[in-house]
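Report on the following structure.
The values are calculated or read from the model by the stated rules, or taken from the named source; none is laboratory data. All of these numbers come straight from a predicted model, not from anything done at the bench. No Cβ is skipped: glycine too gets one built from the backbone with ideal geometry, and neighbour counts run over all protein chains shown. The accessibility values were calculated without ligands, DNA or RNA, using every heavy atom of the protein model including side chains. Shrake-Rupley method; radii C 1.70, N 1.55, O 1.52, S 1.80 Å.
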Amino acid sequence: MNVKCYRVLSREMKPSVVSILSFSLFFLSQFLLSLSERCNPDDKKALLEIKRGLGNPYDLITWDPKTDCCTDWVKATLSCDEKTNRVTVLNLFQINSPGHLSPAVGDLSYLQTLDINNVRNLSGPIPPTIAKLLKLTFLRISQTNISGPVPEFLSKLKNITYINLSYGSLVGTIPPSLSQLTNLEFLRLDRNKLTGTIPQSLSKLAPKLTYLYLGHNQLTGIVPTSFTGWSFDTIDLSRNMLEGDISFLFGKDKTTYEMLLDHNKFAFDFSKLTFGKGLWRLDLNHNKIYGSLPPSLTKQPWQLFNVSYNRLCGKIPQGGSMQRCDQHCYFHNKCLCDGPLPPCK
């Protein structure tokens, strides 16, 4: 081959060589990227399914299959463990698009925190696959349109310490199987459409469970006497149709500081009650409570005290933090009198 022909052939080969090199470099870079990516492929697949179930909202625009979920996706939505690189925290807040919670959430096998709050257009039931999340310690699905019953399968989450399913559209009864969650410290089922009675078996959660919110439902029957001796930090049974004597929830040795018991049909003698030193919020309005107000009330550090719309009688104790209460705390009783109500005759 002469020199002239060789030069022509070389010029013809150069574009092909460049193209091959370019493709080689591209695939090499993609290979190196896959090696350096922290996000576990199973976790990424599950997260993208969750995004799809939520209607691919703009809020999750950074959830791009071409990027690393552990480093490139918005940090406020999820966290990865530094050692295992598995997704351990999933936060979904204030998403407006309609959607449902994908069963793929159960494939995030290392998840410890699932926090869904103020996702108003999230509908459908809580997927049973959540029972696969055996490492879960924190579950909040609140201020959503989630419906269906409180799931029985939650009893499989043996490490759970916090459950909040408030402000939803849950129906049916409170499953007694929740009593199997021996590590549970906090339970919110308030502001749903729950019916039936409070299970006696919940007392098995004492003394670890110290926050119990069952208010704003349609619960009936009595408060289980098995709750006797149990000190809650907060107990909320308000705005149900509960009845009977709940004086056993009170006592000078109790450490409870907040009791929201209003708008029920509770009936007991208030004058026989004693109070723990830390009780500072007590709401008993709209019940059938009778008797008088004991003088010991003046020793409590009240921030909230309301016994209006009951059947109480006698002189209102004066002094201490009782002075913070205006007439709205007392009116519509049988014959309560003295400040801030009219003087006793």
Item to check | Pick from the range 180-190, criterion outside any loop (DSSP other than H, G, I, E, B) and open to solvent by 10 Å² or more (accessible area, probe 1.4 Å), ranking: nearest to Leu214 (Cα to Cα) | outcome: Arg188
Checklist entry - Would you pick out the residues in the range 128-138 that are assigned to a loop (DSSP other than H, G, I, E, B), more than 16 Å from the chain's Cα centre (by Cα) and surrounded by fewer than 19 Cβ atoms within 10 Å (Cβ to Cβ)? => result Leu134, Lys135
Checklist entry - Being touching a helix residue (DSSP H, G or I) at 6+ places or on another chain (Cβ under 6 Å) and either assigned to a strand (DSSP E or B) or touching a residue at least 60 places away in the same chain (Cβ under 8 Å) (or both), is that true of even one residue in the range 70-91? => result yes
Next on the checklist: Looking at the range 177-211 only, could you name the residues that are in contact with a helix residue (DSSP H, G or I) (Cβ under 8 Å, 6 or more places away or on another chain) and either closer than 24 Å to Ala267 by Cα or aromatic (Phe, Trp, Tyr) (or both)?
Outcome noted: Pro199, Gln200, Ser201, Leu202, Ser203
Next on the checklist: Anything in the range 35-63 that is in a loop (DSSP other than H, G, I, E, B) and touching an Asp or Glu at 6+ places or on another chain (Cβ under 7 Å)? List them, or say none.
Outcome noted: Glu37, Arg38, Cys39, Thr62
Checklist entry - Out of the range 321-345, which residues are closer than 16 Å to Leu284 by Cβ and in a strand (DSSP E or B)? => result Leu336
Next on the checklist: Among the residues in the range 240-256, are any over 20 Å from Thr144 (Cβ atoms), free of Cβ contacts under 8 Å to residues at least 24 places away in the same chain, of a type in the set (Phe, Trp, Tyr) and assigned to a helix (DSSP H, G or I)?
Outcome noted: yes
Next on the checklist: For the structure I just gave you, tell me whether Gly276 is open to solvent by 20 Å² or more (accessible area, probe 1.4 Å), touching a residue at least 12 places away in the same chain (Cβ under 8 Å) and of a type outside the set (D, E, K, R).
Outcome noted: no
Next on the checklist: I'd like to verify a number: residues in the range 249-273 that are more than 18 Å from Asp236 (Cα to Cα), of a type in the set (S, T, N, Q) and open to solvent by less than 10 Å² (accessible area, probe 1.4 Å), how many?
Outcome noted: 0
Item to check | Subset tally (residues that are surrounded by fewer than 20 Cβ atoms within 10 Å (Cβ to Cβ) and closer than 18 Å to Phe138 by Cα) for the range 89-102 | outcome: 3
Item to check | Hits in the range 92-118 (condition: out of contact with any helix residue (DSSP H, G or I) (no Cβ under 9 Å at 6 or more places or on another chain) and hydrophobic (A, V, I, L, M, F, W, C)) | outcome: Ile116
Checklist outcome for this item: Selection from the range 139-179 of residues open to solvent by 50 Å² or more (accessible area, probe 1.4 Å), not in a loop (DSSP other than H, G, I, E, B) and not polar (S, T, N, Q) yields Arg140, Pro149, Glu152, Lys156, Val171, Pro176
Checklist entry - Only one of (1) modelled with pLDDT under 95; (2) open to solvent by 40 Å² or more (accessible area, probe 1.4 Å); (3) of a type outside the set (Val, Ile, Thr) fails for Lys66. Which number is that? => result (1)
